[in-house]
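Trainee: Sharing a structure below in structure tokens format, with a few things to ask.
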Amino acid sequence: MGVFMVIIGLFVMVLCVCAAVLRWNEMRYRKKGLPPGTMGWPVFGETAEFLKQGPNFMKNQRARYGSLFKSHILGCPTVVSMDPELNRYILMNEAKGLVPGYPQSMLDILGKCNIAAVHGGTHKQMRGALLALISPTMIRQQLLPKIDGFIIDFLSNWDNKVINIQDKTKEMAFLSSLKQIASVESSSVAQEFMPEFFKLVLGTLSLPIDLPGTNYRRGFQARKNILKILRQLIDQRRDGEESSHKDMLGYLMRNDDSNRHKLSDDEIIDQIITILYSGYETVSTTSMMAIKYLHDHPTVLEELRKEHMGIRARKKADEPIDWNDLKSMRFTRAVIFETSRLATIVNGVLRKTTHEMELNGFVIPKGWRIYVYTREVNYDPFLYPDPLAFNPWRWMDKGLESQSYFLVFGGGTRHCPGKELGIAEISTFLHYFVTRYRWEEVGGEKLMKFPRVEAPNGLHIRVSSN
């Protein structure tokens with residue numbers, strides 16, 4: 001009996017200490033004028049609830065506190081905005097002190113020169129250099145031929161195999177980007193580079209706790225290993241006989257007048273990591289989910305296959321797709337947008353305040369993050385009738401793509417510069433996949449849609465020739 005009472009006493013004491021710690025942490029953030037909300041535990045905040053419950057956590061907090069509330073997620077005091085009009089204002093007003101506010105783990109691992117981390121004149125310089133690499137002219141003349149050749153080779157031996165389409169689309173997104181960046185050396189560095197890159201990606205969405213075994217530590221170490229690979233690659237090119245490589249790295253390293261946005265080696269390396277990182281998640285996940293949705297909706301697949309068979313009928317057997325073919329893929333573009341909307345590949349955008357400001361009547365302190373949460377907009381029945389249906393035809397009205405609430409590719413001055421390149425990669429993959437193969441799912445694996453879209457046990461399909 002005595003031991004039982006001691007255990008009960010300890011349990012009550014622990015509860016009291018936890019309650020006191022929680023209350024102390026709430027009092028720290030009870031400044032007059034702040035939005036309502038809860039802050040959770042010191043240091044950790046409500047990150048665990050946010051990552052575990054995802055959309056339900058957001059819905060519950062909005063039901064309690066309204067469309068603007070405070071929290072503490074991913075290591076930062078954060079205000080969450082679920083108000084469409086306020087979201088648009090935040091994204092359009094970087095000059096008023098609403099600058100990019102990505103988590104510390106992402107800034108540390110992607111680098112201080114990463115385009116998402118800089119603003120003002122530096123952002124203009126880095127963005128200019130990036131846009132020069134992925135302009136429509138560059139896509140048409142240099143990138144699309146590389147993508148086409150890579151995809152043909154990548155899909156060449158899938159017949160009569162069971163494959164994990166999740167793993168394959170991840171490989172595809174990474175290797176395709178690497179070939180565009182360093183076409184000659186991509187094959188030799190891929191085996192060493194790819195596992196390090198996958199660790200880097202996992203580390204960017206983690207708490208910045210630098211302890212052995214954490215995703216943050218593994219991601220940061222992966223960055224160091226990637227820096228060695230890229231510095232060695234840059235040095236080899238400078239020492240080599242060929243003075244001009246026709247790829248992204250070659251353009252970034254030019255010192256002549258054709259390169260109006262000259263960068264230092266550190267900036268070049270962070271630019272390369274940015275290109276790999278920003279395209280990887282959206283291209284791989286959208287490609288995987290497109291295959292999933294097309295399998296589940298035969299009518300959509302039939303329409304998509306019809307569009308691509310029409311393109312092949314106009315071409316010789318081995319003739320690559322070109323810019324005009326890409327522009328004619330209207331239904332393919334609609335499938336990509338509907339996949340991005342329904343799967344919600346991007347849940348929101350982070351900003352940070354450079355000074356104390358007022359939003360919707362609430363005070364937002366200097367240095368706080370603002371999470372522009374856009375996920376719920378994708379399922380708004382007023383914007384998208386029958387929002388849970390996979391209906392690419394809704395996007396055949398070109399006006400829907402230009403609506404201010406469509407934020408799959410970001411918004412304001414931070415609209416994704418690689419949007420058209422990503423669409424070109426996914427379109428090329430779908431073109432060759434649906435014209436060459438048929439497929440059926442094997443195993444019925446579970447899909448998770450938060451914090452990132454993934455199949456924990458893979459998504460396996462059995463592939464056969466058309």
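The values are calculated or read from the model by the stated rules, or taken from the named source; none is laboratory data. In this text the structure is predicted, and so the values were computed from the model without any measurement. Quick reminder, even Gly has a Cβ in these numbers, built from the backbone with ideal geometry, and neighbours come from all protein chains shown. Side chains are part of the model used for accessible areas, which takes the heavy atoms of the whole protein and leaves out ligands, DNA and RNA. Shrake-Rupley method; radii C 1.70, N 1.55, O 1.52, S 1.80 Å.
Trainee: With respect to the numbered conditions (1) more than 18 Å from C416 (Cα to Cα); (2) open to solvent by less than 40 Å² (accessible area, probe 1.4 Å); (3) in contact with an Asp or Glu (Cβ under 9 Å, 6 or more places away or on another chain); (4) modelled with pLDDT under 95, which one is the sole condition not fulfilled by I151?
Mentor: The failed condition is (4).
Trainee: Within the bounds of the range 258-265, is there any residue that is open to solvent by less than 20 Å² (accessible area, probe 1.4 Å), farther than 30 Å from P42 by Cα and either within 20 Å of the chain's Cα centre (by Cα) or at pLDDT 90 or above (or both)?
Mentor: No, the range 258-265 has no match at all.
Trainee: I need the full set of residues from the range 199-213 which are over 20 Å from E454 (Cα atoms) and among the β-branched types (V, I, T), in order please.
Mentor: Within the range 199-213, I209 is the sole residue that qualifies.
Trainee: In the range 286-296, is there at least one residue being closer than 22 Å to E454 by Cα and among the polar types (S, T, N, Q)? First the steps, then the outcome.
Mentor: Applying the first criterion (closer than 22 Å to E454 by Cα) to the range 286-296 yields 286-296.
Restricting the remaining residues to those that are among the polar types (S, T, N, Q) gives 286-287.
Yes, the range 286-296 contains at least one residue that is closer than 22 Å to E454 by Cα and among the polar types (S, T, N, Q).
Trainee: What is the one condition in (1) in a strand (DSSP E or B); (2) at pLDDT below 85 that K352 does not satisfy?
Mentor: Exception for K352: condition (2).
Trainee: Scan the range 324-344 for residues that are open to solvent by less than 50 Å² (accessible area, probe 1.4 Å), over 14 Å from L294 (Cα atoms) and not in a loop (DSSP other than H, G, I, E, B) and jot them down. Before the answer, list the steps.
Mentor: To start, the set of residues in the range 324-344 that are open to solvent by less than 50 Å² (accessible area, probe 1.4 Å) comprises 325-326, 328-329, 331-344.
Filter again for over 14 Å from L294 (Cα atoms), leaving 325-326, 328-329, 341, 344.
Result: D325, L326, S328, R341.
Trainee: Something else: Which of the residues spanning the range 85-123 are over 21 Å from the mean Cα position of the chain (by Cα), of a type outside the set (A, V, I, L, M, F, W, C) and open to solvent by 30 Å² or more (accessible area, probe 1.4 Å)?
Mentor: E85, Y89, K96, G120, G121, T122, listed by residue number.
Trainee: Name the one entry in L202, L276, L227, L252 that is out of contact with any Pro (no Cβ under 9 Å at 6 or more places or on another chain), without any contact (Cβ under 8 Å) to a residue 24 or more places away in the chain and either open to solvent by 80 Å² or more (accessible area, probe 1.4 Å) or under 21 Å from A116 (Cβ atoms) (or both).
Mentor: Numbers: L276 fails: without any contact (Cβ under 8 Å) to a residue 24 or more places away in the chain; L227 fails: without any contact (Cβ under 8 Å) to a residue 24 or more places away in the chain; L252 fails: without any contact (Cβ under 8 Å) to a residue 24 or more places away in the chain.
Selected residue: L202, the only one of L202, L276, L227, L252 that is out of contact with any Pro (no Cβ under 9 Å at 6 or more places or on another chain), without any contact (Cβ under 8 Å) to a residue 24 or more places away in the chain and either open to solvent by 80 Å² or more (accessible area, probe 1.4 Å) or under 21 Å from A116 (Cβ atoms) (or both).
Trainee: Pick out the one residue from I291, I268 that is farther than 12 Å from L430 by Cβ, hydrophobic (A, V, I, L, M, F, W, C) and part of a helix (DSSP H, G or I).
Mentor: I268
Trainee: Somewhere in the range 58-72, is a residue within 16 Å of L350 (Cα to Cα), surrounded by fewer than 23 Cβ atoms within 10 Å (Cβ to Cβ) and under 22 Å from the mean Cα position of the chain (by Cα)?
Mentor: Yes; the residues of the range 58-72 include at least one that is within 16 Å of L350 (Cα to Cα), surrounded by fewer than 23 Cβ atoms within 10 Å (Cβ to Cβ) and under 22 Å from the mean Cα position of the chain (by Cα).
Trainee: List pairs: first in the range 87-113 and more than 24 Å from K224 (Cβ to Cβ), second assigned to a helix (DSSP H, G or I) and modelled with pLDDT under 85, Cβ under 6 Å, 6+ apart or cross-chain?
Mentor: Sorted first by the residue in the range 87-113, then by its partner, the pairs are L91/G412; M92/G412; E94/T413.
Trainee: Look at F174 and say whether it is part of a helix (DSSP H, G or I), within 30 Å of I291 (Cβ to Cβ) and touching a residue at least 40 places away in the same chain (Cβ under 8 Å).
Mentor: Yes: the conditions hold for F174.
Trainee: Same structure again: Which one of G444, G410 is more than 30 Å from G101 (Cα to Cα) and at pLDDT below 90?
Mentor: So the residue among G444, G410 that is more than 30 Å from G101 (Cα to Cα) and at pLDDT below 90 is G444.
Trainee: Residues of the range 32-57 being open to solvent by 60 Å² or more (accessible area, probe 1.4 Å), of a type outside the set (A, V, I, L, M, F, W, C) and modelled with pLDDT under 85, which ones?
Mentor: Those that are open to solvent by 60 Å² or more (accessible area, probe 1.4 Å), of a type outside the set (A, V, I, L, M, F, W, C) and modelled with pLDDT under 85: K32, K52, Q53.
Trainee: Out of the residues in the range 304-323 that are without any contact (Cβ under 8 Å) to a residue 40 or more places away in the chain and open to solvent by less than 60 Å² (accessible area, probe 1.4 Å), which is farthest from S427 (Cα to Cα)? Break it down into steps so the answer makes sense when it comes.
Mentor: First, the residues of the range 304-323 that are without any contact (Cβ under 8 Å) to a residue 40 or more places away in the chain: 306-307, 310, 313-319.
Still in the list and also open to solvent by less than 60 Å² (accessible area, probe 1.4 Å): 307, 310, 315.
Working: E307: 12, G310: 15, K315: 17 Å.
Per the stated criteria, the residue is K315.
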